[in-house]
Every structure is written in C-alpha cells, then in structure tokens.
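Participant: Here it is, the structure in full.
The values are calculated or read from the model by the stated rules, or taken from the named source; none is laboratory data. Keep in mind it's a predicted model, so treat the numbers as computed, not measured. Please note: Cβ atoms are built from the backbone with ideal geometry, for glycine as well, and neighbour counts cover all protein chains shown. Just the protein is used for accessible areas: all its heavy atoms, side chains included, with ligands, DNA and RNA removed. Shrake-Rupley method; radii C 1.70, N 1.55, O 1.52, S 1.80 Å.
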Amino acid sequence: MTLALLRLARTDGIGPLTFRRLLARHRDPEAALAALPALSAKRSTPYVPQPESEARREIAALAKRGGRFVFLDDPLYPPLLALLPDAPPVLAVLGDASLLAAPAVAIVGARNASSAGRRVAEELAEALAAKGLTIVSGLARGIDTAAHEGALRGGPTIAVLPGGLDVPYPPENAGLAGRIAERGAVIAESPLGTAPLNRHFPRRNRIVAGLSLGVVVVEAAHRSGTLITARLALEHGREVFAVPGSPLDPRCRGANDLIRQGAHLTETAEDVLEHLPESPRAAPLFDPARMASAAPEAAGDGSDPLGPPLEGASEVLELIGLSPVSVDEVLRRCHLTAPELQAVLTELELEGRVELLPGHRVMRSANG
C-alpha cells in the first residue's frame, strides 16, 4: 500500500486535488495507478508514475533515518492540514508523527530579526508550549529559529522544511533540526534529496499555516514570505496574531499592517490563548468528506476510469483563462454547487485542460 501511494503521489502531473479524486474514485492506490494509462490518453502529457525501484529506494532511505511516510488517508495525517484543498498527498516525518494531530500555533517572522523580536518569539513559544500547544515554524533563520528554541524549553515543536527531509535549511540549523526530531517532529512534502528552491517556500508556508489553529507574526516586512503565511491562514479560517513593533523599523511594518487589518494584537501568550479557537472558523470550500461524497462511482465496465463527462465542464472552462483566478470567483459565476465544481475542476485537471494552483486558484493550461 505504501509503495503504491508513494508512486501515485510522486507522479508528475498528479497534484493534491487529483490525488484525492483518484483515491475517492478507485478506493485503492493500485487501481488508481492502473487507471493512469487510460487517463493519459486524454492528455498531451501522459502521466508517468514514479518507477517502483525509485519508490522503494526512497522508502528504504527514509526508514534508515528513522522516519516514516504519512499519507492523506492515514489516521496520523494532521486533520487541520487535511482541510486544505491543496493538502500534500504525502508527508515525510522524522520524530513523533502523533504530534501532527495536536493543537498547534505557528510562530513565524523575519529572517533578519532584531534581538528584541527573537526574544519575543522565544518567550511566546516557550509559554504557549508550556500550555500544551505544539509550536510550528519553518526552521528559517531569525524568528523561526527563536520560536523552535523557545518551544523546546516548554514542550514539543514541529519544523516544516522547504526541501527534502534530509536537506535541513539553512544548513546551520541541521543541529536544531536533529533536536526537534528527538523531542518533536520534522516534516517535509518534497522527496528526499530535494534542494530547497524559491518555489518551494510558499508551499512550505501553506503547511505551516495548515497545521495550525492560528499564526503569530513577529516582525515581517511589507513583502515577505511571512505575510504569505498569514494570508494563507486567513484563507483557511485560521486566526492571525501579530506582535506590534516600531514604525521606524521596516521589519515591523508588515506585522503592524496586519494589526490595522484586524489581526489580534499580541504581546503575551495570554493574548493568543484568549482568541485561539478549538477548530477553524469555517470549513474550506472543498473539504475531503464533501469531495469524496461528491465523486460518482467508477464505471463498472472499465471503459472510462472517471466515468462520463461531468455536466458544467464547458461552462467552467469559459470562466477560466490563462491567468490564475480564484476558485471562489468561478463558483460565484457558475451554476454549480461547491462539490460539483470541485468534481469538474479535477476532471479538467486530469485531462490536462486546467491547472489547480496553491492558494485556491485555477488557470487554463496552455494546451487547454
């Protein structure tokens, strides 16, 4: 089962939504893999599953490090992260995988943080961890590092890597990553050996936000990855907190602006605890249960792995161009319900006609 799930998750062109749809349709990863040749006939670029030998090597390499894979259908998969429409199909985990389901708060901020900002992050993390919350961050320099260090004094912490689990970034935090794995968990979406590239950081940020009930921002410039994390948290119904800073310090302008926009002004752990919900404010547009229930059963004769074309596909295509558009906007302008639109979009993605993007967006493929 692990082998088939990993090969499916690592198949080029199989994104998070397509992965869910295939499993909801076929109920079994082996059957989903077997359906790929028929699906490829509809696409200009065929689906080519990860070779079995390569998947076996990755499984063995992770096991040698003491890690394990957690797939989207695994009971250990973090339930808050699973609510994201683009939740990773698979996570590589080093450490205590059960922590992924624990109530968590993210603390993020500037890499070039001030000494005052690092102190605030450490103290907040330590106090919140002592209250039983798991602290999530991205192992980056500055605020992330301070948050992990503070959390380790009060309890467990989770570090989310932008590259492979065996490529801690920045390199000087390799020792910190090892300590986190002993007392918490280090996780990664990318395959082992993946070097952290610029395009990986927004994907890492969505996991940080998705794991957490709330995100605390400590120092952030106006245009920064930290603000991307805060925006993603808002999109998925999570609370956003911000520590105020000097208006003369450009590292504080993003956090101050978040407060002006309604983020909770935060100076102590009590400010977080007072506003932290037990669950996200609202379920996302496409949650896993609704998507699975909306997927029709597979064709019994095997003629079409995804069944007959779904009603509304032509209407939806007319609303999508070559520039990314919010899925919410498409939903407002078409006559379909949210589960129906999800089914249409995933079928169009399987056919290679649209691309489903992080941040709940969609665009037409060049060949669509």
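Participant: How big is the gap, in Å, between the Cα center of region 167-207 and the Cα center of region 43-94?
Facilitator: 15 Å
Participant: Give me the percent of DSSP beta bridges within the chain that run antiparallel, rounded to the nearest 5. Don't skip to the end; give the middle numbers.
Facilitator: Numbers: 14 of 36 bridges.
For the chain, the DSSP antiparallel bridge percentage is about 40.
Participant: Next question. Just to be sure I understand the model, the point goes 7 Å from the Cα along the line to the Cβ. What's the resulting L3 to E315 distance in nm?
Facilitator: Reported label-point gap for L3 and E315 is 4.5 nm.
Participant: Here are a few candidate values for Cα extents along the principal axes in Å: [x] 64, 49, 33; [y] 65, 57, 42; [z] 62, 47, 42. Which one was actually calculated from the structure I just gave you?
Facilitator: Step by step, Cα extents along the principal axes in Å for this structure corresponds to label [x].
Participant: Pop out the ³J(HN,Hα) list for region 320-325 in order, Karplus 6.51 cos²θ - 1.76 cosθ + 1.60 with θ = phi - 60°, rounded to Hz; leave Gly and Pro as x.
Facilitator: Residue by residue, region 320-325 yields 10, x, 7, 9, x, 9 Hz.
Participant: Additional query: By DSSP, what percent of the beta bridges with both residues in region 44-190 are antiparallel, rounded to the nearest 5?
Facilitator: Numbers: 8 of 18 bridges.
Around 45 percent of the beta bridges assigned by DSSP in region 44-190 are antiparallel ones.
Participant: If you roll a 1.4 angstrom probe over the protein chains with everything in place, what fraction of the accessible area of the chain belongs to carbon and sulfur, to the nearest %?
Facilitator: Values: 8240 of 15530 Å².
Solvent-exposed carbon and sulfur of the chain make up 53 percent of the total.
Participant: Ranked by accessible surface with a 1.4 Å probe, highest first, in what order do K64, K42 come? Each step should come with its number before you reach the end.
Facilitator: Details: K64 180, K42 85 Å².
Of K64, K42, the descending order of accessible area is K64, K42.
Participant: Right, another one. Using 0.36 nm per residue, how much length does the chain from A130 to L265 gain when fully extended, once their Cα-Cα distance is taken away? Before the final figure, lay out each step's value.
Facilitator: Working: separation 135, 0.36 × 135 = 48.60 nm, distance 2.10 nm.
My answer for the length gained is 46.5 nm.
Participant: I've got another one for you. Points 7 angstrom from Cα along the Cβ direction at E274 and E172: gap in nanometres?
Facilitator: Each label point lies 7 Å from its Cα, and together they span 3.7 nm.
Participant: Describe numerically, in nm with one decimal, the distance between label points set 7 Å from Cα along Cα→Cβ at A31 and at R153.
Facilitator: A separation of 5.4 nm, rounded to one decimal place.
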